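Below is one structure; the comments refer to it alone.
All of the numbers you see were taken from the coordinates with simple rules; none came from a lab. Bear in mind the structure is a predicted one, so any value in this text is a computation, not a measurement. Here Cβ is always computed from backbone atoms with ideal geometry, including for glycine, and neighbour counts include all displayed protein chains.
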Amino acid sequence: MSILGNRVVRKEDPKFLTSGGTYVDDLKIDGAARVTYVRSTSAHARIRSVDIDEARSAPGVLAVVTAADIELDPLPLEMPMLNEKMPQPWLATDVVRYVGEPVVAIVSETQAEGADAAELIFIDYEPLPVLVDTEGALEGSIVLHPEAGTNVSFELQFGRDESLFDGCEVVVRRRVNNQRVAPCPLEVRAVAARWEDDGRLTQWSSTQAPHSVRDALAKAYGLFEDEVHVISPDVGGGFGAKIGGYPDELLIAWLARRVGRPLKWTETRSESMVALGHGRAQLQDIEIGGSRDGTIGAYRLTVLQDSGAYPRVGALLSFMTRTMASGTYRIPKVDFNSRSVVTNTTPVVSYRGAGRPEATAAIERAVDLFAAEIGMDPAEVRRRNLVPPDAFPFTTPLGTTYDVGDYGRALELALEASGYADLRKEQARRREAGEVRQLGIGLSAYVEITNGVPGSEFAAVEVRENGTAVVRTGTSPHGQGHVTSWAMLVSDALGIPIDSIEVVHGDTDVVPRGVGTFGSRSLQVGGVAAHQAAGQVVDKARQLAAKLLEADPADVVLDKVGQRFHVAGTPAVAKSWGELAREASSEPGGLSAETDFTPPGATFPFGCHVAVVEVDTETGKVTIERLVAVDDAGRILNPLVAEGQIQGGLAQGAAQALLEQVAYDDDGNPLTANLADYTFVSAAEVPSFETTSMETPTPVNELGAKGIGESGTIGSTPAVQNAVVDALSHLGVRHVDMPATPERVWQAIAAAR
Amino acid sequence: MIPVAFDYQRVSSVDEALGLLATHGDEAKLLAGGHSLLPLMKLRLAVPSVLVDVGRLHDLSYVRDAGDHVAIGALTRHRDLETSELLAAQVPILAHVAGQVGDPQVRHRGTIGGSLAHGDPASDLPAVVLALGGTLVARGPGGERTIEARSFFEGFLQTALGPDELLTEIRVPKATIVGAAAVRNGTTGVALVNMGSTPLRASATEAALAAGASIGDAAAVAAEGTEPSGDLNASPDFRRHLATVLVRRALEEAAS
């Protein structure tokens, strides 16, 4: 019997639950000094002068550095599609463009001395006009990067089909804001760097992608990739924001070389709230048309993406929004156009879902607006327009090909699990009685794309002479449970129990290649690679056993329970894994195999979420009573691990709908720069989730697995938002922007009355 | 997130604490649970040069029946208020509100004296003590004095306590009702949280009730005379609206 599909408890947890993990800041690095950044307190200003004299002679200070001191080449573009005329410098040169932009770096013996020295630095700013809103950026009377001559950092303009809604009986239009949020990993960013005697650079980084940090460092310092050693020890969350190398992370090594000491930098939480990239930040114009029988005829989505002061991956997220624009629906005509613009705000990066939650939020809101306009139950409108199961592989009007799905079944399962008909009855009762606390039921029938950015992943499996095995993977888990899942995959192939399988990741000297963990790619790329490498080891071992047993390899079988090979029918004479590994020890690489797997395409997990909320119509307070989630991520390897991913995602998604937003005032000052002001979700704000799994295996990979890391976030946000609006629809409310704070809800009710 | 360097003194008696306050004056701050002070210090908004830790003055941690009122030691933790049987029987509103503060970790550290002395209008306990018509006992170099809760809160994070004084006891009259309003001897006290720079009595509501107005009519004037600030969580208008709704609900709960 296979271990796959079982609720195997996570191998990594006893450590985290007892002694705790080892994060970068926990590392004891002999002789390490500390780095402190002084960041801009002005959103847009010319730097008249920087006075560092007093700080230089402050106790414990080893160096104080400004842009003028740095002789490195400009930072390479993070992605080729980005506008090269909007580069972020290592440290701000003559102009600062967002609150949080690093201006001065201090190296000191201790963190406290760094914080004290920072107070002695005086930066004279000459204020420049500030650009906070994206529409102002588009209008362009203030240009943030004069070299570029425009604030547009990226665009997808395919033209506007003016006849799109011809023939539609009903057209509904609405501007909605998919607000800026902060990823808030529990572990903030941290870096340690040390130059070794042989000229190599060792960097410890809290990252989701150590190999890309290695490559970025090699490029920045003119080194060969094998001269850079990047280690990511335990990483306390990333949510997409810890993928690339930020300038302040890459600069640590230069500072280390300058002072001739190993260095460590850990950002503070307040610093992280402005210096770690933000997510979402799309202003969307949605237009949907169709007939009164519930058929959707056309859909147009026009996106204005805020990319922050210096375009990073966030500027490109609208590409993913376009890819998934029409969601689970068969809509004959779809129009999508987007522009990304720079503003005087923290750069936007990828955040759990990265462009797809924005697509789902828009289409799911649109379908509800359409349903409300024609007076039809939103479940029924969805039922009538979902892509049917026999239509796969299905290509959308925008050219995305979905692998496989049964969206109707997910919808029906979710309706059934939530007791939808009874909920509608209870809602009608409360409306009839005019109760203060009204019930809202929100749906979201989502589909998303995982492993949407093509790439390969490395895996190596080796059986040691003591009969244990080691897996080396290019994925870089930071909470996803790969240590358990990869061990299960290899155990399934080898028969060696998971406790005897070590999973090694996050060290570029031990794992030669890797792409990392993001975009819900790990299992379907890295997991499949591990599975394939394990299969190759079995083949190798079989050949070796056949030679030793003087048999035809075709006759040699692996007894997984006994963990040994024998000729079929004669189990008494057998060769164990340990024996075979010892036999293979003379050969290069021993009993091992490595592989790089490149899947033929992306996969498209789907599902349906039902949110039930209670809205206090006097105070505007929304309480999530239930969150029912049906998620289909193909074949599930470990339901326990998958559920963990779903539950975390549901909480984060619900948080965007109700709680979280990064806010700036008109001068570009952040109003949510610590966790007292940023309303980060906690367990107290969400109910116990009701999850149902559906498994429609994908034909794209041999495991049949799709990604699960982001589905919860993608599906739940619009379900909760739709539920809030639904609770108030009888009062005439059609939309409440996110986050649906008590005041927003109160205002929506007042405006509808 | 790293405070400016400071000296730390842990005291084992009120006299020792008063001695240090007398020596250091404005430079010293008292540390009890630390949940308000330490975040301010980490943000370098508070920069005391001496912290006088009174957290181990166990003599000041008690809830006692004192006849017509309940006496509470200033260093009584929120958790002890929450679980006090005496409060549950005599001043249930205080036990209830203490149980709403933060999370269990916070309630095991935070103290009622610290909360009152901090004088944050957005904190719940100051408003409750105000609604109850409580009395605060402070000790300073000149000995002990009592201060009516009504005149204790002077401004945003400002109280009637002198820099050389230590809050030692809080006296609350016995009352029987849970909610944001408290009823005692037939008179109703209503206090508002975060509706101005200090916790406030909803005096228009109280006067209306005394004059025999209905709960609905009395609650409708709850925000009268208040000047709440606006922030990301709520605008002044919304706060005024909420005051009327929440006062009405509290009065209804108190009456039922």
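Available extension along the chain between A:Glu155 and A:Lys15 is 45.8 nm, counting 0.36 nm per residue and deducting the alpha carbon span. Judged by the mean number of other Cβ atoms found within 10 Å, the most tightly packed of the peptides A:412-419, A:700-707 leads the ranking A:700-707, A:412-419. The value of relative contact order for the stretch B:181-255, using C-alpha pairs under 8 Å at least six residues apart, is 30 percent.
Across peptide A:741-749, the mean count of Cβ atoms from other chains lying within 10 Å of each residue's own Cβ comes to 3. When the square roots of the Cα gyration tensor eigenvalues are ordered a ≥ b ≥ c, the ratio a/c for the stretch B:97-136 is 1.5 or more and a/b exceeds b/c, which makes its shape prolate. The mean of 1/r over all distinct Cα pairs in the stretch B:69-114, once inverted, gives the Kirkwood hydrodynamic radius of 10.2 Å.
Normalised by 2.2 N^0.38 Å, where N is the number of residues, the C-alpha radius of gyration of the stretch A:455-597 stands at 1.05. The calculated FRET efficiency for A:Arg513 paired with A:Val453, based on their beta-carbon distance and R0 = 22 Å, is about 0.85. Computed from Cα atoms, the angle from the helix B:14-24 axis to the main principal axis of chain B rounds to 70 degrees. Peptide packing for B:119-127, A:498-506 was compared via the average number of neighbouring C-beta atoms within 10 Å per residue; ordered from the highest value, the list is B:119-127, A:498-506.
If you wrap chain B in the convex hull of its Cα atoms and look at it from every side, the mean projected area works out to 13.6 nm². Dimensions of the stretch B:130-256 along the principal axes, based on C-alpha atoms and rounded to the nearest Å, stand at 48, 38, 21, largest first. For the stretch B:7-53, the convex hull spanned by the alpha carbon atoms encloses 62 Å³ per residue. Considering only beta bridges that DSSP places wholly inside the stretch B:3-91, some 35 percent are antiparallel. Computed from point charges on the beta carbon alone (+1 for Lys and Arg, -1 for Asp and Glu), the dipole magnitude for chain A about its Cα centre is near 1140 Debye. The antiparallel fraction among DSSP beta bridges confined to the stretch A:455-597 stands at about 85%. Distance from the C-alpha centroid of the stretch A:678-753 to that of the stretch A:276-344: 18 Å, rounded to the whole angstrom. Restricting the calculation to alpha carbons of the stretch B:181-255 gives Rg and Dmax of 11.9, 40 angstrom. Sparsely packed loop sites in the stretch A:145-196 (the trypsin sites (Lys or Arg not before Pro) outside DSSP H, G, I, E and B with at most 15 other Cβ atoms within 10 Å) comprise A:Arg160. In whole Å, how far is the Cα centre of the stretch A:527-562 from that of the stretch A:95-173? Distance between centres, Cα-based: 57 Å. Checking every one of the chymotrypsin sites (Phe, Trp or Tyr not before Pro) in the stretch B:95-173 against DSSP loop status and a limit of 14 other Cβ atoms within 10 Å picks out B:Phe156. Taking the square roots of five times each eigenvalue of the Cα gyration tensor of the stretch A:274-350, the equivalent ellipsoid has semi-axes of 30, 10, 9 Å, listed largest first. Taking max minus min of the alpha-carbon positions on each principal axis, the stretch B:184-224 gives extents of 29, 22, 11 Å, largest first. Extension gain for B:Val4 to B:Ala210 (0.36 nm times residue separation, less C-alpha to C-alpha distance): 69.0 nm. Here the simple spin-label model places points 7 Å from the Cα toward Cβ, and for A:Thr401 and A:Thr570 these points are separated by 5.0 nm. With R₀ set to 56 Å, the beta-carbon distance separating A:Glu227 from A:Ser2 gives a calculated FRET efficiency near 0.85.
Report the relative contact order of chain A, percent, no decimals, based on alpha-carbon pairs under 8 angstrom and at least 6 residues apart. It rounds to 15 percent for chain A.
Counting Cβ atoms of other protein chains within 10 Å of each Cβ in B:231-241 and taking the mean gives 4. Working from label points 7 Å from Cα in the Cα-to-Cβ sense, the B:Ser229 to A:Glu119 distance is 2.2 nm.
Dividing the summed helix terms, -39500 (n - 2.57) for each DSSP H run of n ≥ 4, by the number of residues in chain A produces a 222 nm estimate of -8500 deg cm²/dmol to the nearest 500. Summarised in one figure, the compactness ratio Rg/Rh of the stretch B:82-191, Cα atoms and Kirkwood Rh, is 0.96.
Extents of the protein assembly as shown, taken as max minus min of Cα coordinates on every principal axis and listed largest first, are 100, 74, 69 Å. Of the GluC sites (Glu not before Pro) found in the stretch A:1-106, the ones in coil according to DSSP and having at most 10 other Cβ atoms within 10 Å of their Cβ are A:Glu71. Entry note, the stretch A:1-150: relative contact order of 35 percent, from Cα contacts under 8 Å with a spacing of 6+ residues.
If you take the alpha carbon atoms of the stretch A:322-445 and fit the smallest convex hull around them, that volume is 166 Å³ per residue.
Within the protein assembly as shown, antiparallel bridges make up roughly 80 percent of the DSSP beta bridges whose residues both belong there. Taken along the Cα-to-beta-carbon direction at a fixed 7 Å, the label points for A:Thr598 and A:Asp666 span 5.4 nm.
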